[in-house]
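This report refers to the structure that appears directly beneath it.
Only the coordinates and a few stated rules stand behind these numbers; no lab work does. It should be emphasised that the depicted structure is a prediction, and the values quoted were computed from it without experimental measurement. Here the Cβ positions follow ideal geometry from the backbone for every residue, glycine too, while neighbour counts run over all protein chains shown.
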Amino acid sequence: MRHFTKLVAGVLALAMTFAGLAVPTAASAETTVTVGAVFPLTGSLAAFGKTSVQGLQLAAKEINDRGGIAALGGAKINLVVRDTTSDPADAANATARLIDDVHPIAVVGAYASSLSLTSSSVCERRGIPFLTMSFTDDLTSRGYKYTFQVVPKASVIGSKQLNYAVDIAKAAGDPLKSIAIVYENTAYGTSQAKGLQAEAETLHVHVSLFEAYPHGLTDATPLVQKINASNAQVLFPISYFTDAVLMIRALAQSHSKVQIVGGAAGFVIPEFVQTLGSLTENIMSIDTSAYDQYGPFEKAYMAAYHTFAPHEAYENAVSLFAIAAALQKSRASSSEELRNALASLDVKGGAFAGMPGSGVKFNANGLNEDAYPVMVQWRNHNLVTIWPASSHGVQAAVWNGKTVK
């Protein structure tokens with residue numbers, strides 16, 4: 001039981017329903033469960049790493065404040081964070097050092113798909129469960145036993161990015177006929193763009209531009225010239241924050257009126273609206289969850305950090321809540337036991353209610369089969385859920401100035 005460290009302390013019984021974890025009814029000696037967290041805290045992806053860690057810290061505090069893991073004698077979560085930088089090779093090294101140094105029972109990470117691919121490979125070799133909210137299909141298509149993806153995979157996200165847009169356009173009386181797809185040529189961008197492209201073929205929507213651009217884009221003008229020349233009705237950009245900002249500014253400067261449906265990532269974070277202001281109005285984006293559905297977690301995040309919770313904050317928190325639920329279910333004292341508990345986990349509601357689908361249930365490949373994407377839209381500097389119409393608490397969409405209910 002190297003993952004647990006005895007502490008001298010007692011735990012008072014508390015009434016607890018959060019995440020389905022009960023509290024011991026009598027005082028007992030505390031233990032800690034070490035969970036590793038590997039995220040980009042420096043480099044171009046640092047902003048996403050920071051918010052990911054903030055979400056994990058809130059989740060750990062919530063679990064610990066409510067008495068820890070009852071089945072393990074009130075064990076508290078000991079979260080150990082390491083910087084992957086924004087480089088995949090560094091991510092692999094940071095993950096290996098973390099495992100060697102603190103022997104975590106599980107690892108959560110690493111936001112960007114390219115980082116999560118290398119970190120998860122290290123965890124697979126070491127027999128450590130790796131939980132992630134990264135998108136790329138590759139994470140759960142390699143036959144790995146220890147990788148668990150709490151969000152839909154990128155090809156599904158890309159497919160729904162177009163599918164929902166087609167539905168909204170049709171409801172607005174403006175059938176979608178031609179689109180432009182531009183994407184960063186990374187694991188995230190490529191997987192999601194392929195999903196979009198495949199769905200366009202299925203729906204007989206003409207792709208007038210399918211254009212990759214390199215990581216580290218510094219000038220979006222040539223790309224925007226191609227977008228404008230394509231005469232597409234709708235632009236589907238799959239981009240991180242800096243690229244998204246450059247693109248939106250260049251489109252505005254060119255007086256483009258193209259409807260924009262972003263690919264999550266840079267389009268759904270507070271910095272997007274803080275940087276671009278009114279230029280974001282009515283921009284849509286696919287997302288894997290949305291803060292207007294997070295309930296108590298959103299309130300806690302806003303109180304702590306004075307801004308809404310971006311999806312990576314909540315979804316990484318969900319990863320930790322899943323670990324806690326699996327520990328409670330199995331009383332696991334090893335990574336192998338925890339892996340088996342995660343593989344059979346089926347939890348709904350409570351801490352998981354903010355996820356579309358309201359739960360976590362991993363299939364044989366480690367993908368959360370309960371999860372599905374939602375469409376969100378920027379309105380008056382707020383991000384609201386607008387589709388699918390069957391989702392809880394959705395608001396009317398605005399498509400090219402027309403309100404669609």
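Structure summary
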item	result
For GLY73, residues with placed amide H under 5 Å, excluding near neighbours	none
Fraction in percent of alpha-carbon pairs per bin - 10 Å, the stretch 255-397	11, 37, 30, 15, 5, 1
Taking only Cα atoms of the stretch 274-356, radius of gyration then Dmax in Å	16.2, 51
Net charge contributed by nearby residues that have their C-beta within less than 13 Å of PRO214 (K/R +1, D/E -1)	-4
Using θ = phi - 60° and Karplus 6.51 cos²θ - 1.76 cosθ + 1.60, couplings along the stretch 58-70 (whole Hz; Gly, Pro as x)	5, 5, 4, 5, 4, 4, 5, 5, 9, x, x, 9, 4
Order of LYS402, LYS153 under a 10 Å beta carbon neighbour criterion, fewest first	LYS402, LYS153
Share, in percent, of DSSP beta bridges within the chain that are antiparallel, nearest 5	35
Table column - 3J(HN,Hα) (Hz), the stretch 82-99, Karplus curve with 6.51, -1.76, 1.60, x for Gly and Pro	10, 8, 8, 6, 10, 10, x, 5, 5, 4, 4, 5, 5, 5, 5, 5, 4, 4
Environment charge of ASN231, counting only residues whose C-beta is closer than 13 Å and scoring Lys/Arg +1, Asp/Glu -1	+3
Top of HIS103, HIS206, HIS255 by mean-square fluctuation, Gaussian network on the chain, Cα under 10 Å	HIS255
Residues with amide H under 5 Å from that of THR34, placed H, sequence gap 5 or more	ASN78, ILE105
Residues LYS348, LYS160, LYS299 arranged by fewest to most Cβ contacts within 10 Å	LYS299, LYS348, LYS160
Length-normalised contact order for the chain - Cα pairs under 8 Å, 6+ apart - percent	17
Per-residue ³J(HN,Hα) for the stretch 320-334, Karplus 6.51 cos²θ - 1.76 cosθ + 1.60, θ = phi - 60°, Hz, x for Gly and Pro	5, 4, 5, 4, 4, 5, 5, 5, 4, 5, 10, 6, 4, 10, 9
Highest-MSF residue in the chain out of SER155, SER285, SER208 [GNM, Cα springs under 10 Å]	SER208
Spatially near lysine pairs across the stretch 238-370, Cα under 28 Å, sequence gap of 8 or more or different chains	6
Dmax and Rg, reported as Rg then Dmax, of the stretch 155-306 (C-alpha, Å)	15.4, 47
Estimated [θ] at 222 nm from DSSP helical runs (n ≥ 4, -39500 (n - 2.57)) normalised by residues in the chain, nearest 500	-12000 deg cm²/dmol
Ellipsoid equivalent to the stretch 303-350 - semi-axes via the Cα gyration tensor, in Å	26, 11, 9
Amide proton proximity set for SER239, modelled H, under 5 Å, gap of 5+	GLY263, GLY266
Radius 15 Å from Cβ of LYS177, net charge of other residues (Lys, Arg +1; Asp, Glu -1)	-3
